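Read through the structure below, which is laid out as structure tokens, and then see the notes.
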Protein chains: 4
Amino acid sequence: MAVHIGVVGEGVCSARVARDAERAGAAIARAGAILFCGGLGGVMEAASRGAARGGGVVVGLLPGFRRRDANRWVTVPVVTGLDQARNVILVRSCDAIIAIGGMYGTLSEIALALKLGIPVVGLRTWTLRQPERRRVPLIVAATPEDAAARAIRAAGTRRRARSWLA
Amino acid sequence: MAVHIGVVGEGVCSARVARDAERAGAAIARAGAILFCGGLGGVMEAASRGAARGGGVVVGLLPGFRRRDANRWVTVPVVTGLDQARNVILVRSCDAIIAIGGMYGTLSEIALALKLGIPVVGLRTWTLRQPERRRVPLIVAATPEDAAARAIRAAGTRRRARSWLA
Amino acid sequence: MAVHIGVVGEGVCSARVARDAERAGAAIARAGAILFCGGLGGVMEAASRGAARGGGVVVGLLPGFRRRDANRWVTVPVVTGLDQARNVILVRSCDAIIAIGGMYGTLSEIALALKLGIPVVGLRTWTLRQPERRRVPLIVAATPEDAAARAIRAAGTRRRARSWLA
Amino acid sequence: MAVHIGVVGEGVCSARVARDAERAGAAIARAGAILFCGGLGGVMEAASRGAARGGGVVVGLLPGFRRRDANRWVTVPVVTGLDQARNVILVRSCDAIIAIGGMYGTLSEIALALKLGIPVVGLRTWTLRQPERRRVPLIVAATPEDAAARAIRAAGTRRRARSWLA
């Protein structure tokens with residue numbers, strides 16, 4: 001079964017961050033992985049473009065009520081109608097995620113992935129310090145291609161603590 | 001953009017219902033539409049098999065926490081972790097749904113689709129009588145191929161009342 | 001622990017249906033049960049008014065993003081932001097539900113409750129015929145007070161099949 | 001309408017963190033606010049105990065399928081069946097939240113609250129550094145009583161950016 005890599009980041013972003021996201025998406029598609037994202041603009045759109053131009057499958061988990069909210073590169077739009085709660089579905093569906101940039105939605109997805117035991121690779125994203133200074137297993141990447149490579153490698157090693165029941 | 005057709009029905013079903021679901025799935029793939037389903041066994045698996053054998057894309061919106069819950073024909077598994085609430089995502093993501101058979105989960109998906117203005121085609125499914133005897137716009141199909149054809153036709157005519165806000 | 005009774009019905013309703021809902025809410029509060037509802041207008045507001053005037057606790061599970069969407073009788077507003085998916089929470093949180101009137105949202109809540117093994121009492125609501133003509137355990141009430149009494153009695157007998165995992 | 005204050009923190013915690021949570025819960029009840037929490041053990045249970053012993057209302061938004069998962073101090077258990085996605089409901093329903101301690105679930109709730117414009121008060125919790133070093137509006141409290149006082153004060157000043165639509 002294909003590897004699923006998520007790219008998370010904000011819906012409005014700088015040109016530099018968009019270039020990073022597009023290169024990450026392209027690298028994910030080159031590796032034969034499916035890209036999962038939130039389906040909207042900014043980082044999501046740039047990553048989708050990179051993956052779709054490379055012939056990849058792009059799943060867009062939309063927060064709203066309309067398929068046409070999806071950016072034009074999404075090949076499988078899923079209309080959740082769940083607003084922020086769709087982030088949980090995104091993280092759960094992936095073997096690893098790449099977090100790009102530093103807004104709050106991105107932070108919540110990093111945290112959810114850490115909680116669910118799904119590897120997170122960060123590219124110019126948050127620095128987190130736990131109060132008891134335990135090590136936070138956030139993998140830091142230097143470039144988008146490095147991020148994709150680390151995410152795909154980490155995808156195989158994923159811990160399996162996905163539910164509060166477990 | 002591709003047409004999205006959902007097939008809903010129970011996770012355990014008779015051989016006859018499974019044959020119907022498989023033929024419906026095959027007809028959906030032949031028409032070039034994407035099949036959306038709940039990703040598990042019974043009607044969901046049979047429809048997935050029909051579509052996947054025909055080369056179609058099969059999105060499985062899984063209720064639980066594990067990708068491996070998906071039947072083997074699902075090509076895009078989405079792990080929602082939302083149990084029954086994933087039915088809302090399934091219905092919302094489709095242009096029309098086909099309901100096969102008569103258990104309660106199927107009834108809830110029929111009702112949700114009617115609520116959200118998404119056409120529903122029924123194949124040997126529930127008969128519903130509204131207390132004021134208003135007409136319920138449930139399209140009745142005679143065969144699985146008829147169901148697929150009616151669903152694809154209805155997909156173009158979908159009303160757009162998707163949110164309580166609207 | 002208190003008994004939880006849900007009242008489900010549409011957000012816009014006739015004066016007659018509203019009177020029924022208000023009497024059902026009043027009877028629920030008199031019995032010392034907590035009323036759960038969707039928190040908006042119509043049947044939800046009328047049931048809330050009946051319960052709150054009788055000194056009862058009224059939990060409103062709101063579909064949208066704002067607490068002020070709640071009708072004025074809700075004492076515990078919960079802001080889900082999940083649109084229709086909040087219906088699943090409503091049904092799950094109750095020991096029994098009372099369905100009043102006959103629109104599609106109500107039908108979806110009846111179906112969910114049947115699916116989850118939560119008793120449903122209907123008051124001038126849908127008539128359902130299963131394709132294999134199995135008996136549907138929908139309890140029919142003659143009056144709002146009868147509906148509340150039957151719901152509270154049924155609350156004790158609830159089957160426990162709440163998850164697809166079970 | 002009553003002020004809603006959420007207390008978020010892990011389901012297993014040290015005795016010291018539990019004492020902090022209990023004192024925060026007690027201060028919330030003394031102020032006449034409703035306590036919202038995840039309804040389980042650890043920080044959630046300690047905060048619930050503090051509030052319930054002070055005569056307060058305690059809403060527990062449970063991740064699982066059973067009301068009896070609630071700790072004994074919860075007065076209004078809501079059974080979401082949504083696992084981690086219930087955190088979104090918790091944050092959305094509050095005017096301010098208090099984050100205690102430093103595990104990943106807590107971090108995701110801090111991030112969600114920041115995203116939704118809901119004030120967050122931290123007590124021995126995460127230190128966050130945004131990549132462009134913008135100021136993160138996380139209010140730091142010295143004691144549980146200070147946290148409750150700051151949360152209640154901040155509740156009045158809440159920004160209103162609750163949906164990606166807004």
#### Entry: Reachable lysines, given that their alpha-carbon falls under 22 Å from the alpha-carbon of D:Lys115 and they are not under 8 places away in the same chain
A:Lys115
## Note on the structure
What helix-only [θ] at 222 nm does chain D give? Using -39500 (n - 2.57) per DSSP H run of at least 4, over all residues, to the nearest 500, the answer is -11000 deg cm²/dmol
### Task
Convert each backbone phi in the stretch C:143-151 into a coupling constant with the Karplus relation 6.51 cos²θ - 1.76 cosθ + 1.60 (shift: θ = phi - 60°), then list the ³J(HN,Hα) values in order as whole Hz, x for Gly and Pro.
9, x, 5, 4, 4, 5, 4, 5, 5
### Query
Which shape class applies to the protein assembly as shown: rounded if a/c is under 1.5, otherwise prolate when a/b exceeds b/c and oblate if not, where a ≥ b ≥ c are the square roots of the Cα gyration tensor eigenvalues?
oblate
### Query
Sorted from shortest, what are the nm distances separating the label point of A:Met1 from equivalent points in the other copies, each placed 7 Å from Cα along Cα to C-beta?
2.6, 3.3, 4.2
### Query
What does the charge dipole of chain C about its Cα centre add up to, to the nearest 20 debye, if the Cβ of each Lys and Arg holds +1 and the Cβ of each Asp and Glu holds -1?
320 debye
### Task
Please give the helix D:104-116 orientation as an angle from the longest Cα principal axis of chain D, in degrees from 0 to 90, rounded to the nearest 10.
60 degrees
### Task
Restricting things to alpha carbons, tell me how big chain A is in terms of Rg and Dmax, in Å.
14.3, 45
### Task
Specify, for chain D, the residue whose C-beta is closest to the rotation axis mapping it onto chain B, with the distance given in whole Å.
D:Leu82, 3
### Summary
Here the whole-number average of other chain Cβ atoms within 10 Å per Cβ of B:97-105 is 4
### Task
For the stretch C:132-141, take each phi angle, set θ = phi - 60°, evaluate the Karplus expression 6.51 cos²θ - 1.76 cosθ + 1.60, and give the result in whole Hz per residue in order, putting x for glycine and proline.
8, 6, 5, 5, 8, x, 9, 7, 9, 10
### Message
Give the separation of the Cα centroids, the stretch C:77-97 to the stretch D:42-76, in Å.
### Response
18 Å
### Task
Report ³J(HN,Hα) in whole Hz for each residue of the stretch D:31-38, in order, from the Karplus equation J = 6.51 cos²θ - 1.76 cosθ + 1.60 where θ = phi - 60°; Gly and Pro get x.
7, x, 8, 8, 8, 10, 8, x
### Query
Counting only residues 5 or more places away or on other chains, whose amide H sits under 5 Å from the amide H of D:Ile98 once H atoms are built in the peptide plane?
D:Gly6, D:Val7, D:Val8, D:Val121
#### Entry: For A:129-137, mean number of other protein chain Cβ atoms within 10 Å
4
### Query
Per residue of C:56-66, what is the mean number of Cβ atoms on other protein chains within 10 angstrom of that residue's Cβ?
4
### Query
GNM on chain A, C-alpha springs below 10 Å: top fluctuator among A:Glu145, A:Glu132, A:Glu109?
A:Glu132
### Summary
With every protein chain kept in place and a 1.4 Å probe, the protein assembly as shown has an accessible area per residue in Å² of 35 Å²
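With a 1.4 Å probe on protein heavy atoms only, work out how much accessible surface C and B bury together, total over both chains, in Å² to the nearest 100.
Details: alone 8580 and 8580 Å², together 14060 Å².
Approximately 3100 Å², summed over both chains.
The values are calculated or read from the model by the stated rules, or taken from the named source; none is laboratory data. Just so it is clear, the model here is predicted, and its values are computed rather than measured. Note that we place each Cβ from the backbone using ideal geometry, even for glycine, and neighbour counts take in every protein chain shown. For accessibility, only protein heavy atoms count, side chains too; no ligands or nucleic acids. Shrake-Rupley method; radii C 1.70, N 1.55, O 1.52, S 1.80 Å.
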